Amino acid sequence: MSTPLVTVGATSPTVVACGADMFADAVAGQAVDVERVDWRPPMPGTEADLAAVATDPRRPEANRRAVEAMLGVTAHLVDVAPASEVLGLERGQFLHAGPPIAWEQASGPLRGALMGGAALEGLVDDPEDAVALFESGSNVSLEPCHHRSAVGPMAGVVTPSMWMWVLEDRATGRRTYCSLNEGLGKVLRYGAYNDEVLTRLRWMGDVLGPLLQAAVRGTAEASDVTGILTQMLQMGDEAHNRNRAGTLMLLRDLSPAMVTSGFDAKDVSEALRFVGGNDHFFLNLAMPACKLALDAGRDIPGSTMVVAMARNGTEFGIQVSGTGDQWFTGPAQVAEGLFLGDYGPDDANPDIGDSAITETAGIGGFAMATAPAIVRLVGGTVPDALATTRRMHEITLAENPRWSVPVLEFQGTPTGIDVTKVCRTGILPQINTGMAGAVAGVGQVGAGLVTPPAEIFPQALAALADAARAAR
Amino acid sequence: MKDHVELRSGAYADSVTLLQVSRAVQAAPGVVAAQVAMATGLNLEVLTGMGFDVPASSPNDMVVALRLDDDADLAAALAAVDAALVPARPASGASEVAPPRTTGSALRRTGADAVALVSVPGASATVEAMDAVEAGRDVMVFSDNVPVEEEVALKTYATSRGALVMGPDCGTAVIDGVGLGFANTTRPGRIGLVAASGTGCQQLLVLLHHAGAGLDGVGVTHALGVGGRDLSAAVGGLSTREALRRLDADPDVDLVVVVSKPPAPEVAEALAKDAEALATPVELGLLGRGQRDLTTVAEAVLERLGHTAPAWPVAGEDNTGAATGPLLRGLFVGGTLCDESMLMASEVLGPVRSNIPLSPELALDSTDPGDLLADTHTMVDFGDDALTQGRAHPMIDPTLRNEQLARAAADPRTGVILLDLVLGHGAEPDPASLLAPAIREARADRAIPVIVSLVGTDLDPQGLDAQRDALVAAGAEVHLSNAAATRRAIQLLEGARA
């Protein structure tokens, strides 16, 4: 059998025309179907780097491997335990969301959360006293959650006594971690640290954590978090700002063992009410599930896939598979959206939190089309939601066959952000986010939509291009 | 007069669209001159040359430069700009699916038989073409100004994917009768072309079409362009080999013809070996010193298929008198046509200087008007990379060539002017309407002989006869064969010398 011209056949070819309209017109004038590319120049100054990366012979296979590895991960809930045990976190060590940052650069909500965390650990009696402690820098240290296989929502502060979800990839035994969700309003992750906040955190440490541990350990079949994500995406959750279905499915899995755990019935009842009444409870499982998948795609030379997007309230940072642990950072933006009460844009802190790991994995803002119920919360319309998900397909490497969107004919969610496609199209990842008050202690002021600062993608591209040139 | 210059950051349209916009705005009431263009180096030169003062800008900015009558309304002129720009982008409502933004994204929306056609600026062309190759699809890269190392990387990868890369700098392809880029409409037949030369390919298409009326098998089924550098030492014929493999495997192809600008000798040698190994006979039409011209190649093809070549048509011989000076000035839009004429002329007339010289010492600087009128025979390819950076190909935008035509005619040393005009898909709807007035103007003071090779078929959208008649009416002598046109020009100059 000879190989014919690919275009020889009974049907005439379709021509994909990218560039001068005149040539597309000339083809259309010959009664041939033309698919026109709405091409625009890439981000300024990126042409040479784009070409270097495009012609890197390692890239296609590296990206295929990265995507395959990411999609191959299934996250199971295997334990709940204090951070001191599972992360080896010691007294005075604090984890936080986003790329590395020092106290001096920390924004209000991160400072507020660190102050509350210091009080929770008994390093100070009054959270206000923690300012001097962090300024002195003695016996305290700050480190990104991401550097310890963890993710933290909003400020993302983790202290040794906090209880963590433990998720595992059965095939490799790799694990990721995330704290337990505190609910909405005045909560530590939004930078609030009053008595109400600390009282709740102590109850979570004394009652909720041990109870969940008993439930998880007492449940024969470990919860398939990836599977719950599949189902909740078809039930109107995008798993970043809406986790209602996911939270209830988790309760369905854990409540029998909670009831028979031998814990005081009043505590069990209180815990069930707390979890069931907190629509965001499942977010803290969605996030480490996404990180578990993305970590499988890390460190593949030549791959242009983004493996983390995270913000510390001051800077927005990304990490890319082909460039190891290097962070590419720029100033975090203030989200656009709706505000609680009489808060306004002036009250909001720049974007914060590791929760953009959901968008990095292809849900959250990338799955907006599946969650029309929340488009108003984040300040959009239903057509915007459909357009957003479709637009994200322009900057991603793959579709996730497991996470499909019914209203888009069950098309998989756009998955695996490609640095080169972001630079080529200028389309930035769309992130659904909450907004923390700019002042330490305030808490949540709103929710909305945000994008990374554009300049971090050309930065990452330049590093990929340098690596490609060095590999020749 | 008053000038208005503004930069529009983030706006983009391709150079052809902007040329059309500029023309539309020039026609608006009160507008003396208008140039809407991306702020590339060459366009900034043009704008400065027109006397506009352009603020600091990047090539990604769109410049809107207007020169208005004193009493003209600026708002109305800007409205004309906006109106002309609007159709460039399809409107999109919230509920519609937005068009794809990359070639890769577009290919995901089409069937497996899709072929990609890339004509974005050269700095971005490789990236788009890689999308196609990665998807295992064939791609034609019209764009020029693509670095050769990118071409090698692209084609090396394509080899591993079984994809055919036509280009970069591939002006012409015909696939299953569908013309891509600049392509003439021809009757189908049993000949397959591989062309490392766009206008060379077009010359063969039109000669074979003309000769083949009613003849069995004389017609072209596929013309696969491979880009002008494919047979260079650096690229080594990567796409030519793939194209030959495809045509050899095609049962509808009885004879393969390879046409090229002068190739690297070692690559030509390897190619001849490859060709011999194929089951389908191959006719090599590789330009070079001592090699056949394209018309002779067409005649050989006809002979192999058992036919006799016709007399190639000429019109307007009555227009042409003796040469008016000692020098030949060739002004081409087709690089291969320019090459062919240079090879023929230099054998008889001596050295010809050019921006695409036959040897380095003959190089002239195409951006220097003085050099273009050097005191030797000169031939300029206006389709060369240096003259198309950030602007449309001269087959679409004849401005630079028409300007040079006027200068060449005004130079008393000029004896004969040799031009080409190429028809087909992608070319101007009525190119003679732009060239004929320039020829008439050029001949206004002296009846300088103007010889034109008109590369077109009677099936081309422009209409071959009407185009020829317009040129003849303007005072040109018009040939279908570029070799015949060149021979005629040489003969006139020889006559003057004798």
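The values are calculated or read from the model by the stated rules, or taken from the named source; none is laboratory data. Every value quoted in this text rests on a predicted model; they were computed, and no experiment measured them. Note: ideal-geometry Cβ built from the backbone for every residue, glycine included; neighbour counts use all protein chains shown.
General remarks:
- Complete set of residues in region A:34-43 that are at the interface with chain B (Cβ under 8 Å from one of its Cβ atoms) and in contact (Cβ under 8 Å) with a residue 40 or more places away in the chain: A:Arg40, A:Pro42
- Residues located in region B:136-179, provided they are closer than 19 Å to B:Gly237 by Cβ and in contact with a Phe, Trp or Tyr (Cβ under 7 Å, 6 or more places away or on another chain): B:Gly167, B:Cys170, B:Gly171, B:Thr172
- Some residue of region B:285-300 being buried (at least 16 other Cβ atoms within 10 Å of the Cβ), out of contact with any strand residue (DSSP E or B) (no Cβ under 9 Å at 6 or more places or on another chain), assigned to a helix (DSSP H, G or I) and aliphatic (A, V, I, L, M): no
- Any hit, region B:357-371, residues being closer than 22 Å to B:Arg229 by Cβ, touching a residue at least 24 places away in the same chain (Cβ under 8 Å) and in contact with a Gly (Cβ under 7 Å, 6 or more places away or on another chain): no
- Residue identified as small (Gly, Ala, Ser), more than 18 Å from the chain's Cα centre (by Cα) and either at pLDDT below 95 or under 18 Å from A:Leu212 (Cβ atoms) (or both) among A:Ala171, A:Ala130: A:Ala171
- Some residue of region A:191-209 being within 24 Å of the chain's Cα centre (by Cα) and over 23 Å from A:Ala83 (Cα atoms): no
- Pairs where the first residue, in region A:423-445, is farther than 26 Å from A:Met392 by Cα and the second is of a type in the set (Asp, Glu), C-beta under 9 Å, 6+ apart: A:Gly437/A:Asp347; A:Ala438/A:Asp346; A:Ala438/A:Asp347; A:Val439/A:Asp347; A:Val442/A:Asp347; A:Val445/A:Asp347
- Hits in region A:249-286 - residues which are among the acidic types (Asp, Glu) and either surrounded by 17 or more Cβ atoms within 10 Å (Cβ to Cβ) or in contact with a Gly (Cβ under 8 Å, 6 or more places away or on another chain) (or both): A:Asp253, A:Asp267, A:Asp279
- Only residues that are surrounded by fewer than 24 Cβ atoms within 10 Å (Cβ to Cβ), more than 7 Å from every other protein chain (Cβ to nearest Cβ) and either of a type in the set (D, E, K, R) or within 12 Å of A:Ala17 (Cα to Cα) (or both) were counted in region B:102-113, giving 1.
- Within region A:357-472, strands (runs of 3 or more DSSP E) holding 3 or more residues that are modelled with pLDDT of 95 or more: A:396-405, A:411-417
- Meets criteria (outside any loop (DSSP other than H, G, I, E, B) and either among the aliphatic types (A, V, I, L, M) or at the interface with another protein chain (Cβ under 7 Å from one of its Cβ atoms) (or both)) for A:Ala31: no
- Residues being within 9 Å of chain A (Cβ to nearest Cβ), surrounded by fewer than 24 Cβ atoms within 10 Å (Cβ to Cβ) and not charged (D, E, K, R) - total across region B:134-143: 1
- One residue alone among B:Val472, B:Val416 is of a type in the set (A, V, I, L, M, F, W, C) and assigned to a strand (DSSP E or B), and that residue is B:Val416.
- Matching residues in region A:370-396 - criterion: being under 19 Å from the mean Cα position of the chain (by Cα), within 15 Å of A:Asn243 (Cα to Cα) and of a type outside the set (Val, Ile, Thr): A:Ala371, A:Leu377
- Just one of the listed residues (A:Ala118, A:Ala54) is in contact with a helix residue (DSSP H, G or I) (Cβ under 9 Å, 6 or more places away or on another chain), within 14 Å of another protein chain (Cβ to nearest Cβ), over 30 Å from B:Leu19 (Cα atoms) and not hydroxyl-bearing (Ser, Thr, Tyr), and it is A:Ala54.
- Region B:145-162: number of residues that are within 18 Å of B:Ser119 (Cα to Cα) and either in contact (Cβ under 8 Å) with a residue 60 or more places away in the chain or not acidic (Asp, Glu) (or both): 7
- Selection count, region B:1-24, where residues are free of Cβ contacts under 8 Å to residues at least 60 places away in the same chain, under 26 Å from the mean Cα position of the chain (by Cα) and either within 14 Å of another protein chain (Cβ to nearest Cβ) or farther than 23 Å from A:Gly19 by Cβ (or both): 3
- In region B:144-155, the qualifying residues are those that are at the interface with chain A (Cβ under 8 Å from one of its Cβ atoms) and not charged (D, E, K, R), and the one that is surrounded by the most Cβ atoms within 10 Å (Cβ to Cβ) is B:Leu154.
- Of the residues B:Gly214, B:Gly306, B:Gly198, the single one that is in contact (Cβ under 8 Å) with a residue 40 or more places away in the chain, closer than 27 Å to B:His479 by Cβ and of a type outside the set (D, E, K, R) is B:Gly198.
- Region A:63-86, residues that are assigned to a strand (DSSP E or B) and small (Gly, Ala, Ser): A:Ala75, A:Ala81
- Within region B:164-212, being within 14 Å of chain A (Cβ to nearest Cβ), of a type in the set (Gly, Ala, Ser) and buried (at least 24 other Cβ atoms within 10 Å of the Cβ) holds for B:Gly167, B:Gly171, B:Ala173, B:Gly179, B:Gly181, B:Ala183, B:Gly192, B:Gly198.
- Residues being touching a strand residue (DSSP E or B) at 6+ places or on another chain (Cβ under 6 Å) and under 13 Å from B:Asn355 (Cβ atoms) - total across region B:373-406: 7
- For B:Val478, the requirement of being surrounded by 24 or more Cβ atoms within 10 Å (Cβ to Cβ), in contact with a helix residue (DSSP H, G or I) (Cβ under 9 Å, 6 or more places away or on another chain) and closer than 23 Å to B:Asp14 by Cα is not met.
- Test result for B:Ala483, buried (at least 23 other Cβ atoms within 10 Å of the Cβ), out of contact with any strand residue (DSSP E or B) (no Cβ under 8 Å at 6 or more places or on another chain) and modelled with pLDDT of 95 or more: yes
- Residue satisfying condition, being modelled with pLDDT of 95 or more, within 7 Å of chain A (Cβ to nearest Cβ) and buried (at least 24 other Cβ atoms within 10 Å of the Cβ), within set B:Ala116, B:Ala123, B:Ala129: B:Ala116
- Under the condition of being in a helix (DSSP H, G or I) and either within 22 Å of A:Ala220 (Cβ to Cβ) or at pLDDT below 95 (or both), the residues counted in region A:260-275 number 4.
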